[in-house]
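Right, one structure below, let's go through it.
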Amino acid sequence: MRAPSVSATEEALRAAQGKAEALFAEVAAAGLIRAGVLESALSAEIFTLAAARFGVRRHWHRRVVRCGPNTLLGYYDRPPDRRLAADDLVYLDFGPVFDAWEADYGRSYVLGNDPRKHRLVADIGAAFQRGRQLYLDTPDLTAGQLYDYVCGLARAYGWEFGAATAGHLIGRFPHEQSHGLPKRFSIRPGNDIRLREPDSAGRPRHWILEIHFVDRVHRFGAFCEELLTL
C-alpha cells in the first residue's frame, strides 16, 4: 500500500481528533460522568457509545478512567476500581481508532464546586496551549526540552507534574515504533530527538502532548492531551 501524502496524513489525524472531541462532548452531554458509577462501568459505557455513534471497534491503548485519588496516577498504574463521588475530579484518557487512524484524547471534569479543582482543570488547559506555543516558536525543540518546560509550568502554577512522560508519537494505526530505543518516541527528560525530525521516509512526525498536574497534599490530579503538531 502506498504511503499517504503528508496532507492526507494531516487531514486524517485532524479528522480522528475531531471525532474524539465529539465523542467526549457526547459523553458529557449524556451525563455519563456522574457520582455513583464505577470507573470500569463508565469506561464500558463510553466504549458502547463510541461504537454506536462513531463506529469505533478498537482502541489503540487501554481505556483509562480515573477519579478521586486515582487521578494522581498515570496510564501504567492499575489502582483498585473506584466509584465516582459527588465532589470528585475525574479524567478520561481514550485512544479510539477512526478509519485506521489513531486519536489520543484526554480531558478532566469536576463534579461539584471545589474552586481548587476547577482551577487545576483550567491550569492544565492553559499549560497545554503554552506548550503548543513553545513548539510553534522553536523549530529545533527537542522532546526533552518540551518535557522540562511543562514541568516548569506545573511548578509555576503551584502544582506538581504527575508523569514521567508528557506525550508520544501518533499516526496511522499502529504508529511508528523504535524497537531498539523504545523511549525514543516519547516526550521525556533528556530525550534529544527533535520534534520536527522526519521519519525514515522523510515524512513529518506528529506528536501528542500530555499535561498531568497533581496536588499530592489534597490527593487529586487533572489530565489533558491532544495533538501538539496540528
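The values are calculated or read from the model by the stated rules, or taken from the named source; none is laboratory data. In this text the structure is predicted, and so the values were computed from the model without any measurement. Neighbour counts are summed over all protein chains in view; Cβ atoms, including those assigned to glycine, are modelled from backbone coordinates with ideal geometry.
Data for the structure
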{"quantity": "Any hit, region 77-87, residues being acidic (D, E), in a loop (DSSP other than H, G, I, E, B) and modelled with pLDDT of 95 or more", "calculated": "yes"}
{"quantity": "Residue in region 90-115 that is nearest to D77 (Cα to Cα), counting only those that are at pLDDT 95 or above, over 16 Å from the mean Cα position of the chain (by Cα) and not in a loop (DSSP other than H, G, I, E, B)", "calculated": "V110"}
{"quantity": "Residue in region 61-76 that is surrounded by 13 or more Cβ atoms within 10 Å (Cβ to Cβ), free of Cβ contacts under 8 Å to residues at least 24 places away in the same chain and over 16 Å from the mean Cα position of the chain (by Cα) present", "calculated": "no"}
{"quantity": "Every residue from region 212-230 that is more than 21 Å from G171 (Cβ to Cβ) and either surrounded by 22 or more Cβ atoms within 10 Å (Cβ to Cβ) or free of Cβ contacts under 8 Å to residues at least 60 places away in the same chain (or both)", "calculated": "H212, F213, V214, V217, F220, G221, A222, F223"}
{"quantity": "All positions within region 94-126 that are of a type in the set (F, W, Y) and either under 24 Å from A12 (Cα atoms) or touching a His at 6+ places or on another chain (Cβ under 7 Å) (or both)", "calculated": "F94, F98, W101, Y105"}
{"quantity": "Where a residue in region 8-20 is among the small types (G, A, S) and its partner, wherever it lies, is crowded, with 18+ Cβ neighbours inside 10 Å and not in a helix (DSSP H, G or I), with Cβ under 6 Å and at least six apart", "calculated": "A12/W101; A16/F98; A16/W101; A16/A103; A20/P96; A20/A103; A20/Y105"}
{"quantity": "Matching residues, region 13-63, being in a helix (DSSP H, G or I) and among the β-branched types (V, I, T)", "calculated": "V27, I46, T48"}
{"quantity": "Residues (crowded, with 23+ Cβ neighbours inside 10 Å and either among the polar types (S, T, N, Q) or touching a residue at least 60 places away in the same chain (Cβ under 8 Å) (or both)) located in region 144-159", "calculated": "L146, V150"}
{"quantity": "Test result for G95, touching an Asp or Glu at 6+ places or on another chain (Cβ under 6 Å), under 28 Å from D199 (Cβ atoms) and surrounded by 14 or more Cβ atoms within 10 Å (Cβ to Cβ)", "calculated": "yes"}
